[in-house]
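Engineer: Encoded as structure tokens, here's the structure I'll be asking about.
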Amino acid sequence: RIWKANMELPRVLWPAFVAIFVTVVSIMMARRRTMFSQKTKRSPPSPPVAAGVPLLGVLPALLAKGPLHVIRDAHTEMGSVFTVRLLHRKVTFLVGSEVSSHFYQGLESEISQDEVSQFTTPTFGPGVAFDVDFTTRREQFRFFGDAMKPAKLREVEVVNNKMEYFARWGQSGTVDLKQELEQLVTLVASRCLFGEEVRAKMLVEVATHLRELNDGMRLVTILFPHLPIPAHRRRDRARARLGEIFSNIVSARKASYPNSSRHVVDDMLQCLVDSRYKDGRATTETEVVGMLVSALFAGQHTSSSTGTWTGARLLARANAKQLCAAVQEQERILARHGNRLDYEVLQEMDTLHRCVKEVLRLHPPAMMLLRHARQSFTVRTSEGDEYEVPEGRTVASPLVIHNRLPHVFRDPEKYEPDRFGPGIGEDIAGGAFSYTAFGGGRHACIGEAFAYMQIKVIWSHLLRNFEMEMVSPFPETDWNVVMPGPKGKVMVRYNRKRMSAAA
Ligand code: HEM
């Protein structure tokens, strides 16, 4: 009976064995089917390409209409992902937050700045920025970041002290606001960077050379950084002269303070001289000079053109209401705090903050940001279309279009600071990367807080002390350069006023 029972056992298990066998075989077949369909699934198409002339691509349209119109037309025609051919290079544009996350957040090994930023080396000089590898560059940015920490620079006080610049203005008069702010911002940046070493007589020279550096970074520079055109020759002369001026300052400083002296001298120069790479290596003189030029370049033109646009917008007749709100805010703050101006007081200037933020939306100093796709990647538009951006492609985020999308910013062409809500830091409903004046993600600007602080200190001073009127037409934008600013002079008539602290 025992033997019979043993013989019965397999008969009982038989259906179970069959069930398991059938399940395993069907799982294996299903997996093979999935793998096969994955292999044969077609990858999404490449982005559509804008019409252009053979060999030249969009170059003729670019020369005739300027970059803003070319990109805007292509965007209107083809949607948020499209490719533009410019001579030998194809550039894929990604417009809007839905398709931009990889651009801003992708790893360096996937999407990088290096290959598309070599054109900046004649401007920044050797040993820094895109002349060095990624790791060294990150370390140099860390030196910047450390050097800019507010406690170290007592920034607001330093910047506010420099408002004495306006003492040279008379009781009333007419000035070119653009030139005035260019010089003032250079003065402030030089003081923060070098202490008092850049004397007044050098100031105009440094400001002029910085303008020549910006003017020498043209759209053609991206493709041909060494093309022998006058703007490039002026750029090279300006860089050489700035190198000389700053080298003298660095060697004089090193001679005066041979040992680490941050406790004696509290400016950025000393921080950069004293900085050490992770392997313990000290910064060289060439690197310090390059970092100084880069810091000035990154912060000077961006801030002075934002300051000028703020004036142009607030002083435009159509924006009398916004001007009035900004003046009233200064009166309230003056009544509450008297002439005290520090970080806390600046935080209360949310009307002014929004005025500047809205200026940066409409006039971002960086027209577009560039990357190089080290690996192909797929983007999906809000309409559900998918495109594969191929490996090796230049990719662009056009801030000028990005910040004027009607589904994110209602009535986008209108200067409307109140769209940003009642408090500083409140944001528009458009998702991450819908407001990108300072970039975002991995390469977000490290100077944003400093830039706002500086522009707010300047405009707080101007609104408190002067009645102003713009007497030239609202400025056009100079689209010829990579960092476009107001074109020509921005003439402003002023009358000095006295605002009472008890007002
Ligand atoms: C209104 C003023 C400014 C604007 C609009 C501005 C804008 C930007 C933008 C759009 C980027 C991103 C670049 C990219 O993703 O390719 C950036 C990066 C950067 N900015 Fe600014 N900037 C301003 C002021 C400053 C100042 C005052 C400094 C200080 C020296 C500064 C230092 C930098 C640095 C070092 C980076 C590179 C960050 C990185 O790659 O990790 N910027 N800025």
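Engineer: Leaving out same-chain residues fewer than 8 places away, which aspartates and glutamates sit with a Cα under 14 Å from that of K487?
Structural biologist: D176, E182, D215, E476, D478
Engineer: Where the only charges are on Cβ atoms (+1 Lys, Arg; -1 Asp, Glu), what is the dipole of the range 90-136 about its Cα centre, to the nearest 20 debye?
Structural biologist: Dipole size: approximately 180 debye.
Engineer: Here is a follow-up. Relative contact order, percent, of the range 235-354 when contacts are C-alpha pairs under 8 Å separated by at least 6 residues?
Structural biologist: With pairs under 8 Å counted, the relative contact order is 17 percent.
Engineer: Taking the convex hull of the alpha carbon atoms in the range 62-136, what volume per residue do you get, in Å³?
Structural biologist: Measuring per residue, one finds 128 Å³ for the Cα hull of the range 62-136.
Engineer: Let me ask something additional. Would you mind putting 169-176, 307-314, 463-470 in packing order, based on average other-beta-carbon counts within 10 Å, highest first?
Structural biologist: Packing order, densest peptide first, comes out as 307-314, 463-470, 169-176.
Engineer: For Cα pairs less than 8 Å apart in space and 6+ apart in sequence, what is the mean separation divided by the residue count of the chain, i.e. the relative contact order in percent?
Structural biologist: It rounds to 22 percent for the chain.
Engineer: Taking the inverse of the average 1/r across all pairs of different Cα atoms in the range 95-188, what Kirkwood radius in Å do you get? Display every interim value, and only then the final one.
Structural biologist: Working: mean 1/r = 0.0573 Å⁻¹.
Taking the inverse mean of 1/r over all distinct Cα pairs, the range 95-188 comes out at 17.5 Å.
Engineer: Follow-up question, since we're still on this one. Tell me what the chain gives for mean residue ellipticity at 222 nm when only DSSP H runs of n ≥ 4 count, each as -39,500 (n - 2.57), the sum divided by the residue total, rounded to 500 deg cm²/dmol. Intermediate values should be presented prior to the final figure.
Structural biologist: Working: 19 runs with 254 residues, N = 503.
Helices in the chain give a 222 nm mean residue ellipticity of -16000 deg cm²/dmol.
Engineer: While we're looking at this one, here's another question. Provide the packing ranking of 221-231, 444-454, i.e. peptides ordered by the mean count of other C-beta atoms within 10 Å per residue, highest first. All intermediate terms of the calculation are to be shown ahead of the outcome.
Structural biologist: Numbers: 221-231: 14.1, 444-454: 18.0.
Those peptides, ordered most packed to least, come out 444-454, 221-231.
Engineer: Can you name the helices of the chain, as whole DSSP H runs, whose Cα span along the helix axis is 24 Å or more and whose Kyte-Doolittle mean is not below 0.5? Provide the component values of the computation, followed by the final result.
Structural biologist: Values: long enough: 2-40 (57 Å, 0.52); 177-194 (25 Å, 0.59); 230-256 (39 Å, -0.91); 285-315 (44 Å, 0.34); 320-337 (25 Å, -0.42); 448-465 (26 Å, 0.22).
The answer, listed by residue number, is 2-40, 177-194.
Engineer: Next up: Starting at 0 and stepping by 10 Å, how many percent of the alpha carbon pairs of the chain end up in each bin?
Structural biologist: Here the calculated profile for the chain is 3, 17, 25, 24, 15, 6, 3, 3, 2, 2, 1, 0, 0.
Engineer: Using mean Cβ contacts within 10 Å as the protection proxy, how do 412-419, 362-369 order, highest first? Don't skip to the end; give the middle numbers.
Structural biologist: Numbers: 412-419: 15.6, 362-369: 21.5.
By packing density, highest mean first, the sequence is 362-369, 412-419.
Engineer: Quick one: of K65/K414; K321/K414; K90/K178; K162/K414, which pairs are farther than 24 Å apart, Cα to Cα?
Structural biologist: Correct reply: K90/K178; K162/K414.
Engineer: So how many Å³ per residue does the convex hull of the Cα atoms of the range 290-436 work out to?
Structural biologist: Hull volume over Cα atoms, normalised by residue count, gives 148 Å³.
Engineer: Could you tell me the center-to-center distance, by alpha carbons, between the range 307-359 and the range 360-426 in angstrom?
Structural biologist: 27 Å
Engineer: Suppose every Lys and Arg Cβ carries +1 and every Asp and Glu Cβ carries -1, with no other charges. What dipole size does the chain come out with about its Cα centre, to the nearest 20 debye? Walk me through the numbers on the way to the answer.
Structural biologist: Details: 66 positive and 54 negative charges, 189 e Å.
Roughly 900 debye, rounded to the nearest 20.
A short reminder: the numbers here are calculations on the coordinates, not readings from a lab. Values in this document were obtained by computation on a predicted structure and should not be read as measured data. Note: ideal-geometry Cβ built from the backbone for every residue, glycine included; neighbour counts use all protein chains shown.
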